[in-house]
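Below is one structure, written out as structure tokens; the observations come after it.
Rule-based calculations on the coordinates, nothing more; no lab input. These numbers were taken from a predicted model, which means no experiment stands behind them. Methodologically, a virtual Cβ is constructed for each residue, glycine included, from the backbone with ideal geometry; neighbour enumeration extends over all protein chains shown.
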Amino acid sequence: MGPSRLLVVDDEPDIRQLLSEVLGDEGYSVDTAEHADAARAARVGRTHDAVLLDIWMPGTDGIALLREWKSAGDDTPIVMMSGHGTIETAVEATRLGAYDFIEKPISLAKLLITLERALEAQRLRADNQALRKQLAPPVAPLGGSAAMQHLRGQLERLAAVEAPVLLLGEPGTGKESLARWMHELSARRDQPFVTVAAGAIADEAAATTLFGEEHEGGNISGLLERAEGGTLYLDEIAELGPELQLRLSSVLERREILRVGGRQPVPLRARVIAASALDLDAERSAGRLREALYYQLNVLPVSVPALRERGDDVVVQAQALADHFAGRDRLPPRHFSTAAGTRLSGHSWPGNLRELRALVQRLLVLGGAEEISAAEVDAALGARPLPAHAAAEGGFAADFELPLREARDLFERAYLMHWLDRSEGSVGKLAKVAGMERTHLYRKLRDLGIELRNAKDS
């Protein structure tokens, strides 16, 4: 890869010459332009990795040129320069999409650091876009239940705002996938999505991992900085130590990142989505989560329902996973029978989507027939492995060490699940096969824990 190419736009010849020489000595390839028309001409048919743009120029000024380029969708990092800088001008330039703002007389040390950061941010953005082309985009939360319709509506509305969102729900409910979907819906979709999993960060390297580091040998970007322009996903932030929580709170308050050993702060331009399976209010009360950090994250809280609260959406999700794994792993496609769906809907799912994902993979890898039966689901859901002294009688594995009542219940459950599946969920057909009156059959099914959520009465 060749040297980064820069464009310096300034109406003062001395500044153009100085910057061209200094940046050339640093290994950059430099083009120069004395006004807006020359800058436009310099960019025709040529790609620049970054632009240094003076604000006060005759004719079209730098702010107007910045607005022109950004309105056309140009994502080149642009660093503004001005000898008459004001806070209002800097804010306006940043709002229009400038990467940073440098006052004249220019500190060459600051300029070089700013350029390095701008180019690094651009490389990360390009890598992220290349990765997104290889991956399937996140899909909307599946299901037609009231809980999922409400969740989808909430996330769609919140995707368009910049305020922090806090996703709260049990472990395994898919909070990161929901955050990625929100990112995909937002105007930041082409920028990085960076996950900070607090529990996975080694204590001895936590500060550098999060905030980056500056030293004589070079600079290291932290996770927060890599989310430049995109979405920063903070998972279980209460697991960070007190010092890191304090430092993170300061970053969120000031919207600036100070690398370890650094002197110049880096702007934080990422949207924040946090998530937790903990009761963060209780964590705050117990002193394990800083109060300031708690309130900074808990701006727009969203409750993510557990899988058991999503009703028949479980079956929809299971079939979607089955189709996904069949395509990804080149496995024979399978679908769930009505009775198998009933069994899925009736399970409590303590592991939520993680448990469902593992179950579906197991059924596809080990299964045979195209249709997944209720008996297969029941076995995969955790029927315990039979001990060595168990025997198979007539196709049914029996454990002769069990008391008669427990052994009989196991057989009756397997028998009724088998015929409920064969009857396609029809309780009427099952009653005829079993030779039982329906009232007694319903009582028996309830006693054995067999759910009939999707079963037919006919």
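Please determine, in degrees from 0 to 90 and to the nearest 10, the orientation of helix 352-366 with respect to the longest principal axis defined by the Cα atoms of the chain, where the helix direction is its Cα long axis.
70 degrees
Arrange 303, 249 by Cβ neighbour counts within 10 Å, fewest through most, would you?
Ranked by crowding around the Cβ, least crowded first: 303, 249.
Order these by the 10 Å Cβ neighbour count, fewest first: 28, 295.
Values: 28 20, 295 11.
Ranked by crowding around the Cβ, least crowded first: 295, 28.
How would you order 6-18, 413-425 from highest to lowest mean count of nearby Cβ atoms within 10 Å?
The peptides rank, most packed first, as 413-425, 6-18.
Quick check on the exposure proxy: order 325, 211 from fewest to most C-beta atoms within 10 angstrom.
Fewest-to-most Cβ neighbours within 10 Å comes out as 325, 211.
Using the Kirkwood radius built from alpha carbon pairs, what does the Stokes-Einstein equation give as D for region 5-132 at 37 °C and 0.692 mPa s, in µm² per second? Please report the intermediate quantities before stating the final value.
Numbers: Rh = 14.7 Å.
It comes out at roughly 223 µm²/s.
Could you give me the ³J(HN,Hα) list for region 148-162, computed from phi with Karplus coefficients 6.51, -1.76, 1.60 and θ = phi - 60°, whole Hz, x at Gly and Pro?
Calculated HN-Hα couplings, in order: 6, 5, 5, 5, 4, x, 4, 5, 4, 5, 6, 4, 8, 9, 9 Hz.
Multiply the residue gap between residue 146 and residue 444 by 0.36 nm, knock off their C-alpha separation, and tell me the result in nm, one decimal place.
Details: separation 298, 0.36 × 298 = 107.28 nm, distance 3.10 nm.
That works out to 104.2 nm of additional length.
If you wrap region 147-305's Cα atoms in a convex hull and average its projection over all directions, what's the area in nm²?
About 9.3 nm², averaged over all directions.
So how do 178-188, 37-47, 226-236, 251-261 stack up, highest first, on mean other-Cβ count within 10 Å?
For the peptides 178-188, 37-47, 226-236, 251-261, the packing ranking is 226-236, 178-188, 251-261, 37-47.
To the nearest 10 degrees, how steeply does helix 404-422 sit against the main Cα axis of the chain, on a 0 to 90 scale?
In the chain, helix 404-422 runs at an angle near 70 degrees to the longest axis.
Give me the count of lysine pairs in the chain whose alpha carbons sit under 29 angstrom apart, restricted to pairs 8 or more positions apart or on different chains.
Lysine pairs meeting both conditions in the chain amount to 9.
Roughly how tilted is helix 242-254, in degrees to the nearest 10 and between 0 and 90, from the longest Cα axis of the chain?
Around 60 degrees separate the two axes.
What ³J(HN,Hα) values, in whole Hz, does the Karplus curve 6.51 cos²θ - 1.76 cosθ + 1.60 give for region 109-123 when θ = phi - 60°, with x put for Gly and Pro?
3J(HN,Hα) across region 109-123, in whole Hz: 5, 5, 4, 5, 5, 4, 5, 4, 5, 5, 5, 5, 4, 5, 5.
Please work out how much length the chain gains when fully extended from residue 312 to residue 25, using 0.36 nm per residue of separation minus the C-alpha to C-alpha distance, in nm with one decimal.
Values: separation 287, 0.36 × 287 = 103.32 nm, distance 6.59 nm.
Once the chain is fully extended between residue 312 and residue 25, it gains 96.7 nm.
If you restrict to DSSP beta bridges whose two residues both lie in the chain, what percentage is antiparallel, to the nearest 5? Display every interim value, and only then the final one.
Working: 8 of 47 bridges.
Beta bridges within the chain, antiparallel portion: roughly 15 percent.
Quick one: which residues, 5+ away or cross-chain, put their amide H under 5 Å from the amide H of residue 266? H built at 1.01 Å from N.
Placed amide hydrogens put 257, 258, 259 under 5 Å from residue 266.
May I have the convex hull volume per residue, in Å³, for the Cα set of the chain? Display every interim value, and only then the final one.
Details: hull volume 93.9 nm³, N = 458.
Convex hull volume per residue, Cα atoms: 205 Å³.
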